[in-house]
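Undergrad: Sharing a structure with you now.
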Amino acid sequence: MAVAPPFPRLPSLNALRAFEASARLGGFALAAEELRVTPGAVGAQIKALENEIGAPLFKRHAQGVELTAIGARALPRFVEAFDRLGEAVQELRQDAAPKRIHIATLPALAQLWLAPRLPALRAALPEIEVSVTAVETPPNLKRVPFDLCLFYTDDVPTDGIRIAGDEILPVCTPELARRIRAPQDLLTMTCLTDSAWADDWSTWAAVALPGQAFTPRGPVFSLYAVAVEEALNGSGILIARKALVSRHLDAGDLVAPLGRGVIGRQSITLWTLPGPAASRNQRSLLDVLRELG
């Protein structure tokens with residue numbers, strides 16, 4: 001009579017993914033955000049995994065969680081494994097559709113920098129189909145189905161290129177500019193601010209108004225394109241990133257009443273997966289965008 005004992009199985013892939021993301025990011029909530037599930041679902045997956053292996057992987061505290069010694073020892077291998085899995089999936093996608101490239105980029109860059117360059121990009125690479133998704137933070141290209149990232153960064157990532165530096169400067173309509181003769185004039189005028197780059201005012205003021213306290217007075221916007229539109233409407237002075245308003249400056253719809261601005265610490269940067277994981281078409285698009293920058 002044949003013997004067929006229960007065959008041991010590996011833990012659920014979802015449970016292992018929940019552990020890896022929680023351990024790498026430092027919490028269930030952050031893992032849930034990355035995995036697009038609820039923190040409760042992540043916690044349940046990890047609890048099931050702990051029950052299956054017979055040992056706790058996290059210590060639970062009121063302030064959050066921390067890895068146990070067992071979990072900490074396991075983490076590097078799981079990070080490497082899921083990175084390799086993500087890269088394998090990316091290669092499958094590239095082999096299945098080599099002429100499709102998906103760019104993840106900041107909303108402001110998508111609307112104001114990349115969109116105006118898409119016609120030239122199509123003309124240079126007519127065989128490539130380019131999709132664009134706007135996201136607030138750079139995704140991990142080893143884990144998500146994007147091919148290229150286009151963001152402002154302090155440093156150039158591995159296998160990335162610096163597209164352009166940027167200049168921070170106040171801009172407004174020509175009509176409003178007639179009221180501005182010196183940086184001090186902005187102390188009593190309506191200033192427009194993008195919430196993500198609110199510090200740009202202080203970066204500019206440190207050079208233009210050294211030793212003077214400057215607090216911009218005026219509305220704050222969570223979408224940079226709306227702030228630009230309000231500047232075009234003449235509602236105030238926008239602290240702008242020149243690369244994003246260059247078309248309006250060239251057309252004369254906006255002007256820089258105080259001349260040159262301050263060089264920002266961030267650059268527009270484009271990158272893909274490192275090494276051989278990047279396809280030939282991705283490299284070609286990278287080169288064209290560098291030329292268009």
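Undergrad: Among the residues of segment 234-247, what is the count of those that are outside any loop (DSSP other than H, G, I, E, B) and over 20 Å from residue 163 (Cα atoms)? Even if it seems obvious, please write down each step before you answer.
TA: Residues of segment 234-247 that are outside any loop (DSSP other than H, G, I, E, B), as a first pass: 237-247.
When the remaining residues are screened for being over 20 Å from residue 163 (Cα atoms), the result is 237-239.
Looking only at that region, the number is 3.
Undergrad: A further question on this structure: Which residues, counting only those in segment 45-71, are in contact (Cβ under 8 Å) with a residue 40 or more places away in the chain, open to solvent by less than 70 Å² (accessible area, probe 1.4 Å) and in a helix (DSSP H, G or I)?
TA: Selection gives 71 alone.
Undergrad: Here's a follow-up. In segment 197-233, what count of residues is obtained for those that are in contact with an Asp or Glu (Cβ under 8 Å, 6 or more places away or on another chain), in a helix (DSSP H, G or I) and of a type in the set (A, V, I, L, M, F, W, C)?
TA: 2
Undergrad: Still on this structure: Kindly establish whether residue 260 is open to solvent by 30 Å² or more (accessible area, probe 1.4 Å) and assigned to a helix (DSSP H, G or I).
TA: Numbers: open to solvent by 30 Å² or more (accessible area, probe 1.4 Å): yes; assigned to a helix (DSSP H, G or I): no.
Spelling it out, it is not the case that residue 260 is open to solvent by 30 Å² or more (accessible area, probe 1.4 Å) and assigned to a helix (DSSP H, G or I).
Undergrad: Please identify the pairs in which a residue from segment 215-243 that is farther than 29 Å from residue 293 by Cβ and touching a residue at least 40 places away in the same chain (Cβ under 8 Å) has its Cβ atom under 7 Å from the Cβ atom of a residue that is among the charged types (D, E, K, R) and surrounded by fewer than 14 Cβ atoms within 10 Å (Cβ to Cβ), counting only partners at least 6 apart or on another chain.
TA: 234/175
Undergrad: Assigned to a loop (DSSP other than H, G, I, E, B), at pLDDT below 95, of a type in the set (S, T, N, Q) and open to solvent by 40 Å² or more (accessible area, probe 1.4 Å) - does that describe any residue in segment 4-24?
TA: If we filter segment 4-24 for residues that are assigned to a loop (DSSP other than H, G, I, E, B), which is where we start, we get 4-12.
Subset that is at pLDDT below 95: 4-12.
Going one step further and asking which of them are of a type in the set (S, T, N, Q), we end up with 12.
Cutting the leftovers down to open to solvent by 40 Å² or more (accessible area, probe 1.4 Å) gives us 12.
Yes, that holds for at least one residue.
Undergrad: Filter segment 161-176 for residues that are within 27 Å of residue 218 (Cα to Cα) and of a type in the set (Val, Ile, Thr) and give the result.
TA: First, the residues of segment 161-176 that are within 27 Å of residue 218 (Cα to Cα): 166-176.
Residues satisfying the conditions are 168, 171, 173.
Undergrad: Follow-up question, since we're still on this one. Out of everything in segment 200-233 that is among the small types (Gly, Ala, Ser), open to solvent by less than 30 Å² (accessible area, probe 1.4 Å) and more than 16 Å from residue 264 (Cα to Cα), what residue ends up being nearest to the chain's Cα centre (by Cα)?
TA: 225
Undergrad: Could you list, in sequence order, all residues of segment 186-242 that are more than 16 Å from residue 172 (Cα to Cα) and among the small types (Gly, Ala, Ser)?
TA: Within segment 186-242, 195, 196, 198, 202, 205, 206, 208, 211, 213, 222 meet the criteria.
The values are calculated or read from the model by the stated rules, or taken from the named source; none is laboratory data. This one's a predicted model, so the numbers in the text were calculated from it and none came from an experiment. Please note: Cβ atoms are built from the backbone with ideal geometry, for glycine as well, and neighbour counts cover all protein chains shown. The area values use the complete protein model at the heavy-atom level, side chains included, leaving out ligands, DNA and RNA. Shrake-Rupley method; radii C 1.70, N 1.55, O 1.52, S 1.80 Å.
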